[in-house]
Every structure is written in structure tokens, then in C-alpha cells.
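Working notes, beginning with the structure itself.
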């Protein structure tokens, strides 16, 4: 049973095709991660699932039906940018958002979530007094407080410190454990790798990856070497069989030409420097992302840490 | 529907709970009727500094009279009889012998004294004022002052001098003094409303005198009330929707309800705000009318019409303002759109006078049946003591209802697209396209 079934959906804005002939199925109770470069079509897809945008062609079934307004009550939504009434008090606001979803027993659930996310002391404060991270947590509660069967989170970890990231991550896992389906978009590949049952990547409106992490990595094979040497990246220049070096400072990630033997790489590096660590691995999601979204995104990736 | 009402309740609370609403509620009537109140408050606050006026009397019959007339006036009105407080300026007449040789030089010298503030003004009385028919040019009376055109002393002088000259002319023709009073008697034409037959007693009612209060002030006040309600309920929607769009609140709301429900919730919230304010004003107004015992002067029967028109008008204009708000991307866009959007609401203000003068003219009837103007102009005509045909407010109401339905429908189409559209300027062509395509 799938919670969401997207069939050959296309959505254009003027001359721009935001989503192009997309088909996707999200199984019930799964965590589905949406990744893709900025402007790839993630948010448009999420908004179409939410029935905020209507596709130009194709069908979207949620809970086996095409959405007709009230169907959205079973979906919790955290938009990419925070949408909170600044002048309202936190508890009032959460109850109001819950009421718009026809939620039951909201007072109790709001208080439980506020306590869970360490916001009880802010319940009667105005939203405008909250920090960015706190606002993010309030927005998260707004998405989940009505106990929806599907939650859609558009970049839920943006602006959160590691402690709060963990809090939200645990909350998402707990909600999933209760049978709720979770779809979220993220730019954090580590989070996607660790949390998602399925990963979907969209690039220029088209689906380029869809499946479990293992299945996706299997497509690429074990073509990656993670290596630490005493001379860092200097010792790794111009090696045979290496297409690309990702230099992370303390660690370098080498992408081998398909079919090349890692033993030969090992031998070549030993002849140049002392090796402190050597691992033959499947490519990380980050690397796969960069390979697909290159060349534009590849430039940016050098600066990023994994 | 439940969601619409929940959103409306939030809107209502967000507006009504603020200090701004309470202060606005108290201040709005003051601002709107500010000039009237200021006039009443400052009526007695006239400049009481004495006014010295020079008189050059070439006729040689007026100056002496003026001296005694001003003395009589000064002793009668300058000091309040009871409190002894000075309430008006005294007029001090300085008679200047007329210079026959060089009147122009004399005028200049006196004008210099006016400019030097030694004199308030000077008056030059022509030689032939007693027999103006002989030579009108020589019979002119000129009042030279810095603010001569609107100086009230000029009015007093005109009356006093002419009254005296008429008496003098009559006396010269041999009419005795007693008869003069009769000849000069002045009778005002009094304004009264048409009489009607009392169905219960079968008697014809006594003529009711009318005054400015009921013919001008009350209708204008009722129109202002209508305008104020629209200001409170509909116009803020433009900014509110723009803010919800820019703060991305709209996206969260649209995750729970359709754009049309969203817009309706906002409008119903606006209606509730205006209903609250109008109810407060109505209750206070009715109490005041009974306390001041002017029930027969104030057409309280217009109130239900105001309520009915107001509700429909807020749907009509509110949907327009909400739609425009949805097209805006920032406060500047909203600011730019607010005034043009308000023009249809302001135009009726400029039509006040001709409509009040002839509430049943084709002009007045036609304009008040033009739906964008109907709410305000129909209320204006209904509040006027001149009765208007009974079918007109009903037809007007039906028209406004129809336009409100159309406006909500079109507004909904614009809102649906505009609220999620980022970066597109709120150009007329864009808005029109969204309205047509939906």
C-alpha cells in the first residue's frame, strides 16, 4: 500500500518546466528523502502532493485518492520557509494550526510537544520573541500536532544546531514508528543517508535517482577510495585510474575509473608516501549527488564538509 | 465552513484584541468629524483684540453714525453680560478728514498704517452713497484690509451702513420713523419639512422646522460611518494578506484549506470587526440621540440599512483588497496599490454636495445605483430628510449583493494564483490575466 502515488506528473510555470513527467511511489510508513540541487523541483513536487499546486498533467494519489481539499487534514506540512504569525502566542498559534487540520485533543498534544521539544517555557510568549531554531521547532510541532498520517517536511533541519537536529530527527523517527509516512527534503546528505528508507533525487525537474540507499549505491559499484596519508592530497596528484579527487583536508576521496583495480592505486600511493588509512567503498550519497548535479554543483562541493 | 470560521475567528481576535483597535474605535469618529468638533470647541475662541478702523467719509453723513453705532455695539457685545469676560473685540472708529486734493496719497498713507498694524483696516465711503442712483461710481464703499474678503467686520459695516442709509433716504422722502420700521422689516424664509397626515388621529401634523443638522450633518455623518466601517473591515485586508504571503504563513494555511476558503475566512473576519465597531457606535449613538432629545432629527431607521449595506460592501471591497494583497510581494507594492484601490471609495465623498442639494435628481439617483458607489451614496440619500422612493435602497442592495458575489468570485481567482506567486510584480496586466485564467 502506497501513501503517495505520483503518475507522470508535469508542472510548468510560464516557460519553465519545474517538474517533468515524474512518477514516484511512497510506501506507507516509510521515510522518503527528497534531494536535489536548488531549483530542481523538490518544493514544487511537495506542494503538489499537498494540493497547493495542481499538476498540468498526470495524477497524484494520496491515500489512494486524488486530493479534494479536506484530504489535506491527514497531511502535516512544514514549508521551506517559516510561516508563523509573529504576534500570536506559541500555544495559541499551534492550537490554531491544529484546528485548521480539524485536530482533536489539541491542548494536550500541543503541551506534550512543547515539553518534548523543550519549549514549555515559551508557550505563552509571542512568536516574534523566539530564536530561529525555536521558530523552526514550533513550525515542526505545527506540522505534526494534528497526528497526521503523512507528514511532509521541506528542509526541516535548516537553521538547527546539532542538538536540536537530533531532537527533531528522533521525533521524526518516533512518528514513523507509529505508522506515519514521512517525506522530507534536505540538502544534508548525511541525514538523508542515515534516516531515509528511500531516496529520491530530482534534477532539472526530472527524476534521476529513486530507491533505497543500497540500491542506489549498487548502481555505482565500489569505485571510491577513502584515504589518509601523511602528505594529504599532495601525494595523490596525477595517479593513474583516478578520475577525481575530493579533498576534505584530513581525508581524501578518490573516484576510480570504472573497472580499475584499487590494489594498483594502493601500490602507487605507497610508492609516494605513508598511508595511515585506506578504504575501498561505495560512493557516498554526497558524491553521487555531485556526480549528477555537476558541473555547477561540483564546484560548490569542494568547499563543503561531509 | 468550520475552517473558514476558525480562520475568521483568528482574524477577528487579532484585530479586536489590539490596543490599536480600541484606540481607533475611540479616535476614528473624532478624526472623521474632527472639523465639526473643532468648530464647536473653538467657536467661542475668537480673537478678542480690539480693532481700530479708520473711516474716510467723503459723503459726510456716515462717519458720525458709525462712531455711535460701534459704541452701541461695543457696550452690547464685547463683554459677556454675566461673567464680565471679554468675548469679542471692540471696534474703535478713527474718523479721518477726507483729503479732496490727493485721495490716492491718503489711501497710501492709511494702507501703510494698516501694514504697520496701527490700523486693522480703513473704510472709504464714496460721496454719493445717499443717492447712489446719481453716480454709482461715486457711491462705492471700499474696505481696505489685509484680509478684507473674509473679514467679518466688513459684514457688520455693510449691514450697519446700509441700514442707516436706507433710513436716511426714507426720511428724506418724508416717511415717518414709525413707518420706516415697517418698510425695512426683514422676514426670513424658514426651512420646514412637508407636513403629513397622522393616520391614528386623522390630524395633519405640525410643520417641523429643519436645520443644517438634519439636512447636512446627519447624512454626512452616516456616510462617514459607512466609510469608516469599510476602512476598518476591508482595507486592512490588503496589507494583512500581503504580510501572510511574504511571511509564508499563506503556505501553511493553504496546506489546510483551499485559497477560496482562506480568502473568505479573512473577509468574514473583517466583517466581524466592522460589525463590532458599528454596533458599538450604534449603541452609543442611540443613547446620545435620546439623551440629547434629537430623536426626531436623526433618522435612526437608516441604521439597519447601514448594517445590511456594510456587510455586503465588505464582501465586495474586501475580496478586491484581499486579491490585490495576494498580488503584492512587499510592503511597497501594497503601499502603491492602496490608494488607487481606494479611489472608488473616495469618489462619493466629492459628490456629497450636489447629491445633498437634490437627493432625487437623476444625477443623484443614477450615481447611487452605480454599485461601487451605492453603499455610501444610498446611505447618504437615505439619511437626508428628503424622502427617496422606497424601491431604490432595495434595488441598490440587490446590486451590491450581485457585485459582491462577482467580486468574491473574481477575487478568489486572483487570490488563488497571486498568493503563491513570488517575484511577479502586481501589474494590472498580471492581475487581469490571473482573473481571466484563474
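We did not get these values from a lab; they are worked out from the coordinates using the rules stated. From a predicted model like this one, the values you see are computed outputs, not experimental measurements. Virtual Cβ from ideal backbone geometry, glycine too; neighbours counted across all protein chains shown.
Tabulated results
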{"quantity": "Nearest-ten-degree value, helix A:162-177 long axis tilted from longest Cα axis of chain A", "calculated": "70"}
{"quantity": "Estimated 222 nm signal from helices in the protein assembly as shown, with DSSP H stretches of n ≥ 4 weighted -39500 (n - 2.57), rounded to 500", "calculated": "-15500 deg cm²/dmol"}
{"quantity": "Neighbour-count ranking [beta-carbon atoms within 10 angstrom, fewest first] of A:73, A:5", "calculated": "A:5, A:73"}
{"quantity": "Rounded tilt (10° steps) of B:152-172 against the dominant C-alpha axis of chain B", "calculated": "40"}
{"quantity": "Projected label distance in nm at residue A:271 and residue B:1, using a 7 Å step from Cα toward the beta-carbon", "calculated": "8.5"}
{"quantity": "Which of B:93, A:141 has the fewest Cβ neighbours within 10 Å, and the rest in rising order", "calculated": "B:93, A:141"}
{"quantity": "Taking chain B and dividing mean pair separation by its residue count, relative contact order in percent (alpha carbons under 8 Å, at least six apart)", "calculated": "16"}
{"quantity": "Pairwise label distance in nanometres, residue B:181 with residue A:5, each label 7 Å out on the Cα-Cβ vector", "calculated": "10.8"}
{"quantity": "Between 0 and 90°, nearest 10: helix B:218-233 axis offset from chain B longest Cα axis", "calculated": "30"}
{"quantity": "FRET E, pair residue B:288, residue B:77, Förster distance 45 Å, beta-carbon r, rounded to 0.05", "calculated": "0.90"}
{"quantity": "Förster radius 25 Å - calculated FRET efficiency between residue B:85 and residue B:115 (Cβ-Cβ, nearest 0.05)", "calculated": "0.20"}
{"quantity": "Rounded if a/c under 1.5, otherwise prolate or oblate - the range B:117-191, Cα gyration tensor axes", "calculated": "oblate"}
{"quantity": "Centroid-to-centroid separation of the range A:128-200 and the range B:68-93 [C-alpha atoms, Å]", "calculated": "85"}
{"quantity": "Sorted by Cβ neighbour density within 10 Å, fewest at the top, the residues A:291, A:47", "calculated": "A:291, A:47"}
{"quantity": "Other protein chain Cβ atoms within 10 Å, averaged over every residue that makes up B:113-120", "calculated": "0"}
{"quantity": "Label-point separation, residue A:20 to residue B:358 (7 Å along Cα→Cβ), nm", "calculated": "6.9"}
{"quantity": "Calculated FRET efficiency for the pair residue A:174/residue A:65, C-beta based, R₀ 35 Å, to 0.05", "calculated": "0.80"}
